[in-house]
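Just so it is clear, none of the values below were taken in a lab; they were calculated from the coordinates. Just so it is clear, the structure is predicted and the values come from calculations on it, not from any experiment. Because the Cβ atoms are built from the backbone with ideal geometry, glycine has one as well, and the counts that use them run over all protein chains shown.
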């Protein structure tokens, strides 16, 4: 019976069926059905309800946005949009994923009210639509992957490669529990693009190139750095032709290349039109948080590959064999080698240059590599074929592969059981929980420090693990480089040296120092304190402490004590303070800046400022 159903290439068909069933069961039956439209996904998705339900793509009316956040707990802060001069908000993430999910959103929007749910863009039908849409794209992506692999490998090898992809890598996590994120959609888009490219003959049809341009435009709209994929079709024929023949080939394809450029423009045009309409710019850089960005001059490639925090080869070790397979791919198929290898190297460089190279705590292993896994299956396949020719090595490798599969599935379970942490892993903690189904007593002390997500941090009350020392202390009224010093008499016959803050002098002297002068440890807590005096005659404003770090002169992790202002008393000296943990700095040369800032007309007074450092012992 089974042979009748799977008559052609039965092994890969069975592997595909098993993979699809695993995804459907894990996503729809086992996975927590909690809200999928949260955090980064909230930003990918926000275009759809903003346009089709609230007619407010620039978020002019924040009432509905705040209502959604309060009702569905979609995010802690609205980092998913950037407010520009003039009041408009511009979506931080490009809109490719929203466009891909438009059909599923439309169905949910039509059914929400008839099914008894709110037509607000975030009730259960909308949440399910995003998950279901992503799952459909995953299944289509696997179907196209099988079709493409069969053009280069036998039925048996294709089946094995599909099973390795799904059960021995972090693809399974991205296609199930993490399927709302971008990488699952990108895997599908790259599979479509490769399927089109691989259909090229000596003469490329302009319709194929137009379609390819549209897909690459959509890839770029979904995740701009993945637009690097354009190199793949451009150098696809370089290997078999050589340099002179390659350029001659491109010259003959100019009309079709023009069609591809038109497709690319059309594919990216919706995003450019949105940027022009909302920001006035055809190209808008929305990542305006100075604390994150690309550090191209100092990439984190070693950590990205080998760190126990979330190193790709540590948590997805089978991909080490895929990278080694490029050697065999060069020998067996230069047509694929040059385009795939160049893309892999440049993509690795780009994704490992991102400041937050572990890409947050919401995923297992390095999620930024998942979108290119189909391309890595080819060198892995050539490596396996080479290994099969060496029987002694092959038998040993099969045992290793079985072990890596069990390890991947078990550690995937550990991640979902919160035994493996998404952000704070260390080598010591990894080996402490290795193979365990629960966290041993005391093991959590081996994790990296837990950083608080709140706007106003609070140092632990128990500080036995911290050493304290004075980092900075000054009497502002006598500091040589402090402007607007004066003496006031608050007690009869007693004058006090202070600094006066008013409309013309809103700042005290700033304490500024480099990160490496604060600590050489993983982090340090700072307690920043000051004594201030606000006369009875002064309005509601009062001085507040300010602390931030500077990257190339631009501030990040900016924190103030503005929340204290309503509580401050008038007509007496009072002590204010803030707790501030050093951030994960972009560069060890980044500097701390701390000072008092007064936004009123004054005058008010300050007399002392002090910073105490608390470092882990």
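The table that follows gives values for the structure above.
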item: Taking 69, 196 and counting other C-beta atoms within 10 Å, the order from fewest to most; result: 69, 196
item: Relative exposure of 480, 168, judged by other C-beta atoms within 10 Å (fewest first); result: 480, 168
item: For the chain, the spread of Cα positions along each principal axis, largest first, Å; result: 103, 60, 54
item: Cα long-axis angle, helix 334-351 against the chain (0 to 90 degrees, to the nearest 10); result: 10 degrees
item: Region 301-315-region 547-617 distance, computed between alpha-carbon centres (Å); result: 35 Å
item: The chain: angle of helix 391-416 to the longest principal axis, Cα-based, in degrees nearest 10; result: 40 degrees
item: Residues 345, 470, 611, 164 arranged by fewest to most Cβ contacts within 10 Å; result: 470, 345, 611, 164
item: Separation between Cα centres of region 316-394 and region 166-214, rounded to whole Å; result: 16 Å
item: Region 534-608 - Kirkwood radius from inverse mean 1/r over Cα pairs (Å); result: 13.8 Å
item: Convex hull projection area averaged over all views, region 213-294, Cα basis, nm²; result: 7.0 nm²
